[in-house]
């Protein structure tokens, strides 16, 4: 009972003070969430697209695919946009279940049980590609990518929902955030190579010219909230580095692809073998703290509750920091595709080697299918397991009369139904795709 009495009186003050710390940690990691490449066709197939990406799509998945004989003679993207918002804890069904009514203690326990002990994660991505094209074995892409990853300690939710115990210390140190925004121009080429172990083999590479748009990272986030008999102590500090408009950087992707027996394609790509962006201008660091000792929780008047002398809250900005560079994550992709008549089956294994706004170090397996019983209306579906998504399902379709391309893909972070969704990824593309004639494909194979 004493726990409930203390928090019922101090709820407003303690929640505001703790949130002040949390908001400062998050604020400077969110501005880069503006624009990561999300291909609409691949998205509809669960992201299993490494062995299928051709033409203007190949640079983002495996440039070696440009050297395969079924690569289109010309493809063009007027515009391709994608956006993703995902979390690791809450789904839409919980909003229907708990929204608009009083929460019981069991409801609160259920809500908190959905948050892992490692904390609440929120990641966002978006992408834009425009006026990009491929001609034969060459491709030139223009676009922008951005993403952010924010992590909040579970205690941020426990105290407001459950209240606090007496003579306890609550640690909020397991919080972090990072955001990155880039503009890019990519030049790609794929080359067929004569080998003895497969029917068709190609290698390729992509050279990226990168322009740093914005970057933000939480350097330090520490907070301790301690409750006493008639009050509480608060000690929170944060440091966030951020900058806008970086220097020109470079990236390099490499890949190889092979086809067997006319039905099978195997494609392997290495993204960001080399890749970094330097930041040298207008680098700032936001530093601040929120502190208070023996803050009274019981018997406070409204005037005393607003007394600023009992709480120290300060922040300042340090400018002219030394330049630094951001290393892009090294990513391995392996894709396999099989086609039989109008049915296409595909699978991908993706493994990042660092955690960041664009990729997770956890391996991801994607499986997808496309049905072309109606040649101009392909239907797609897929499933993805692992990585930052966990479990996801996707659907998509295309409208492709002649060489015109309109592709739409939707991925749900959860199993099939929208109520189980912990996030959505959307992708739309408008472009052109002019395929080679069969006779042209034969001549390329003969080479």
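The values are calculated or read from the model by the stated rules, or taken from the named source; none is laboratory data. Source: prediction; values computed, not measured. As a convention, Cβ positions derive from the backbone with ideal geometry for all residues, glycine included, and neighbour counts pool all protein chains shown.
Before we move on, is residue 130 surrounded by fewer than 16 Cβ atoms within 10 Å (Cβ to Cβ) and under 29 Å from residue 326 (Cβ atoms)?
Values: surrounded by fewer than 16 Cβ atoms within 10 Å (Cβ to Cβ): yes; under 29 Å from residue 326 (Cβ atoms): yes.
Yes.
Yes/no matrix, rows are residues, columns are (1) farther than 30 Å from residue 116 by Cα; (2) in contact with a strand residue (DSSP E or B) (Cβ under 8 Å, 6 or more places away or on another chain); (3) modelled with pLDDT of 90 or more:
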{"position": "135", "(1), (2), (3)": "yes, yes, yes"}
{"position": "138", "(1), (2), (3)": "yes, yes, yes"}
{"position": "143", "(1), (2), (3)": "yes, yes, yes"}
{"position": "147", "(1), (2), (3)": "no, yes, no"}
{"position": "161", "(1), (2), (3)": "no, no, no"}
{"position": "179", "(1), (2), (3)": "no, yes, no"}
{"position": "192", "(1), (2), (3)": "yes, yes, yes"}
{"position": "208", "(1), (2), (3)": "yes, yes, yes"}
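So which of 392, 368 ends up being surrounded by 14 or more Cβ atoms within 10 Å (Cβ to Cβ), within 17 Å of residue 39 (Cβ to Cβ) and at pLDDT 95 or above?
After ruling out the rest, the residue left standing is 368.
Residue-by-condition table, conditions (1) touching a helix residue (DSSP H, G or I) at 6+ places or on another chain (Cβ under 8 Å); (2) farther than 30 Å from residue 203 by Cα; (3) surrounded by fewer than 16 Cβ atoms within 10 Å (Cβ to Cβ):
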{"residue": "125", "(1), (2), (3)": "no, no, no"}
{"residue": "138", "(1), (2), (3)": "yes, no, yes"}
{"residue": "148", "(1), (2), (3)": "no, yes, no"}
{"residue": "151", "(1), (2), (3)": "no, yes, no"}
{"residue": "157", "(1), (2), (3)": "yes, yes, no"}
{"residue": "161", "(1), (2), (3)": "yes, yes, yes"}
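Residues that are within 28 Å of the chain's Cα centre (by Cα): which strands (runs of 3 or more DSSP E) entirely in the range 309-413 hold 1 or more of them?
Ranges flagged: 324-327, 331-340, 343-352, 364-371, 379-386, 390-399, 404-412.
Please find, among 225, 260, the residue that is touching a helix residue (DSSP H, G or I) at 6+ places or on another chain (Cβ under 8 Å) and either more than 17 Å from residue 276 (Cβ to Cβ) or at pLDDT below 90 (or both).
Just a single option satisfies the conditions, and that option is 225.
So, in the range 415-447, exactly how many residues are in contact with a strand residue (DSSP E or B) (Cβ under 8 Å, 6 or more places away or on another chain) and at pLDDT below 75?
Qualifying residue count, the range 415-447: 6.
Please give the helices (runs of 4 or more DSSP H) falling wholly within the range 46-115 in which 1 or more residues are under 30 Å from residue 429 (Cβ atoms) and at pLDDT below 95. Steps first, please.
Details: elements: 58-61, 92-98, 105-113.
By residue number, 58-61, 92-98.
If residue 251 meets every condition in (1) in contact with a strand residue (DSSP E or B) (Cβ under 8 Å, 6 or more places away or on another chain); (2) within 17 Å of residue 70 (Cβ to Cβ) apart from one, which number is that one?
The single condition residue 251 does not satisfy is (2).
Across the range 187-219, which residue is farthest from the chain's Cα centre (by Cα) among those that are farther than 26 Å from residue 59 by Cα and crowded, with 16+ Cβ neighbours inside 10 Å?
Across the range 187-219, the extreme among qualifying residues is 218.
Restricting to the range 220-245, give me the number of residues that are surrounded by 16 or more Cβ atoms within 10 Å (Cβ to Cβ) and closer than 20 Å to residue 322 by Cα.
7
Name the one entry in 103, 92 that is buried (at least 17 other Cβ atoms within 10 Å of the Cβ), out of contact with any strand residue (DSSP E or B) (no Cβ under 9 Å at 6 or more places or on another chain) and under 30 Å from residue 163 (Cβ atoms).
Values: 103 fails: buried (at least 17 other Cβ atoms within 10 Å of the Cβ).
Going through 103, 92 in turn, just one is buried (at least 17 other Cβ atoms within 10 Å of the Cβ), out of contact with any strand residue (DSSP E or B) (no Cβ under 9 Å at 6 or more places or on another chain) and under 30 Å from residue 163 (Cβ atoms): 92.
So which residues in the range 228-242 are at pLDDT below 80 and either farther than 19 Å from residue 155 by Cβ or out of contact with any helix residue (DSSP H, G or I) (no Cβ under 7 Å at 6 or more places or on another chain) (or both), if there are any at all?
Answer for the range 228-242, where residues must be at pLDDT below 80 and either farther than 19 Å from residue 155 by Cβ or out of contact with any helix residue (DSSP H, G or I) (no Cβ under 7 Å at 6 or more places or on another chain) (or both): 228, 229, 230, 231.
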